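Take a look at the structure below.
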Protein chains: 2
Amino acid sequence: MAFVYEYARPSVTVDCVIFGLDDDGLKILLIQRDAEPFEGGWALPGGFVEMGESLDQAAMRELQEETGVHEVFLEQLYTFGEVNRDPRTRVITVAYYALVNLKDHKVEAATDARAAAWFELDDLPTLAFDHDKILQMAQERLQGKVRYQPIGFELLPEKFSLRQLQRMYEIVLGRSLDKRNFRKKALSLGVLEDLNEVERDVSHRAARLYRFDREKYQQLVKDGFNFEL
Amino acid sequence: MAFVYEYARPSVTVDCVIFGLDDDGLKILLIQRDAEPFEGGWALPGGFVEMGESLDQAAMRELQEETGVHEVFLEQLYTFGEVNRDPRTRVITVAYYALVNLKDHKVEAATDARAAAWFELDDLPTLAFDHDKILQMAQERLQGKVRYQPIGFELLPEKFSLRQLQRMYEIVLGRSLDKRNFRKKALSLGVLEDLNEVERDVSHRAARLYRFDREKYQQLVKDGFNFEL
DNA sequence: ACAAAAGTGTTGAACGTACACCCATGC
DNA sequence: GCATGGGTGTACGTTCAACACTTTTGT
């Protein structure tokens, strides 16, 4: 198409910061690059946006290709467009972040040829390109958003105990919370469905299990309610 | 450069939602298109990202070209990449929003050939492309952010009265606020510098003037303080 | 019986909300 | 003197923060 401009134009990619939570804490998925630049280095999974797909679709496709997961929380983070962020040529990347729980979804670290691995957030290798900046912004977004939007549930299995919920908040926010106050607040929001079930195979008193009630949440939002903490 | 990919690639533009506040309320700046598609229609100011400039730089440049302003608040909003959002070809646009006050800066509606005009937010023409969607998201972002970040000051002149400050919040948030509570809260934050000056040329008792103290704000943030309303 | 985590209430402080009148100034 | 907006305080209810012990269950 000649209508627009015939000048050189930037390439556009998507990159995904994939957060996963398990018993060890919060992790992110990195892939090992098999080509220059940064060959052998670790980077966020990502790739070029194709002409026939939207940005969201491109991010979902990459996520699927790299991890095998689908139907997970995925949201655009920010677009990075510094001129020299890629040493080869001009590349603008639209960054996304995803939240998955590592228990429910059996996340395949990689379905394509490249090595991939989960890294603890406090034990990361050096990242390629400006991916450390992207990761940092993703962490800030997650910390900021988890407090006023019910996205934290995406990091937990479908059924969870209040202890697990609290632990998730403590890990994401990076500080400890008071148990009694947390339970009071969490239950008072009215979006936790008591499943009348308890944990199994634990070597101590079993905790009640809850589920996040999406419909109730939507209803409350419609009535002008504000989720917080 | 042949390193990356030789396939067709999307074009990348920036578009700016420019909010301006004056006595009539909150307005945005639109330009009238002088080419197909949507020739003669109103659209957000914007243009192609050049190879030698970052996204922020591209947005600043467009802003300058369209309005003559510089040194204003400008922040990335979201990137829109639906496949058919531009009927000609694949165009991904990185949207920004800017906040200016229409008193301090004498905003030139346009320095290039195209017509441009300020529109009241509740009296807008139909917009080209998906610009109504972009505008809507910008409004939501502004409403959400003004409450926990001191960006509202960007819509006011350097020196302002508490009444002006309250009016700005009322306009942005779309609801009225209690005068005494607002003043108490605003002053208690400790980021308003009392200039020991009063309004001039008003036909009633003159109000004290204040200035937003950026340094004090930075200091408080460093000490772990949270701006809110 | 002991280890481990589940579960539960109260109090004081801080904050948000609702509300009405007098004051200063310009015309 | 009147119209316009400037400026101020209090009381109540709600929410947040701090804090420790008993119960249940598995080993």
Filter segment A:14-36 for residues that are crowded, with 23+ Cβ neighbours inside 10 Å and within 14 Å of another protein chain (Cβ to nearest Cβ) and give the result.
A:VAL14, A:ASP15
Give B:SER188, B:SER203 a once-over and let me know the one that is within 12 Å of DNA strand D (Cβ to nearest atom) and within 25 Å of A:ARG147 (Cβ to Cβ).
B:SER188
Name the pairs whose Cβ atoms lie under 8 Å apart, with the first residue in segment A:182-204 and assigned by TED's automatic domain parsing to the domain that holds A:LEU162, the second within 12 Å of DNA strand D (Cβ to nearest atom) and assigned to a strand (DSSP E or B), and 6 or more positions between them or separate chains?
A:ASP194/A:ARG208; A:LEU195/A:ARG208; A:ASN196/A:ARG208; A:GLU197/A:ARG208; A:VAL198/A:ARG208
Of the conditions (1) in contact (Cβ under 8 Å) with a residue 40 or more places away in the chain; (2) under 28 Å from B:ARG33 (Cβ atoms), B:ILE171 clears all except one; give me its number.
(2)
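So that you can scan it fast, the table gives a plain yes or no per residue for (1) in contact (Cβ under 8 Å) with a residue 60 or more places away in the chain; (2) away from DNA strand C (no atom under 15 Å from the Cβ):
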site: A:HIS131; (1), (2): yes, yes
site: A:ARG211; (1), (2): no, no
site: A:LEU220; (1), (2): no, yes
site: A:PHE227; (1), (2): yes, yes
Give segment A:75-100 a look and list any residue that's crowded, with 20+ Cβ neighbours inside 10 Å and within 12 Å of the chain's Cα centre (by Cα), or say none.
A:LEU77, A:ALA95, A:TYR96, A:TYR97, A:ALA98, A:LEU99, A:VAL100
Selection within segment A:148-185 - away from DNA strand C (no atom under 15 Å from the Cβ) and within 14 Å of chain B (Cβ to nearest Cβ)
A:GLN149, A:LEU173, A:GLY174, A:ARG175
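Per-residue answers, yes or no, for (1) in the same structural domain as B:GLN164 (by TED's automatic domain parsing); (2) of a type outside the set (D, E, K, R); (3) at pLDDT below 95:
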residue	(1), (2), (3)
B:ALA58	no, yes, no
B:VAL72	no, yes, yes
B:ASP86	no, no, no
B:THR93	no, yes, no
B:ASP112	no, no, yes
B:LYS27 passes all but one of (1) in a strand (DSSP E or B); (2) under 25 Å from A:GLY52 (Cβ atoms); which number fails?
(2)
I'm told A:VAL146 meets every condition in (1) touching a Gly at 6+ places or on another chain (Cβ under 7 Å); (2) away from DNA strand D (no atom under 16 Å from the Cβ) except one. Can you identify the failing condition by its number?
(2)
Of the residues in segment B:200-229, those that are aromatic (Phe, Trp, Tyr), closer than 16 Å to B:GLU154 by Cα and in a loop (DSSP other than H, G, I, E, B) come to B:PHE227
Pull up segment B:157-179, narrow it to residues that are hydroxyl-bearing (Ser, Thr, Tyr) and in a loop (DSSP other than H, G, I, E, B), then point me to the one that is nearest to DNA strand D (Cβ to nearest atom).
B:SER161
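The values are calculated or read from the model by the stated rules, or taken from the named source; none is laboratory data. Computed from a predicted structure; not experimentally measured. With ideal geometry, Cβ positions are generated from the backbone for all residues, glycine too; neighbour counts draw on all protein chains shown.
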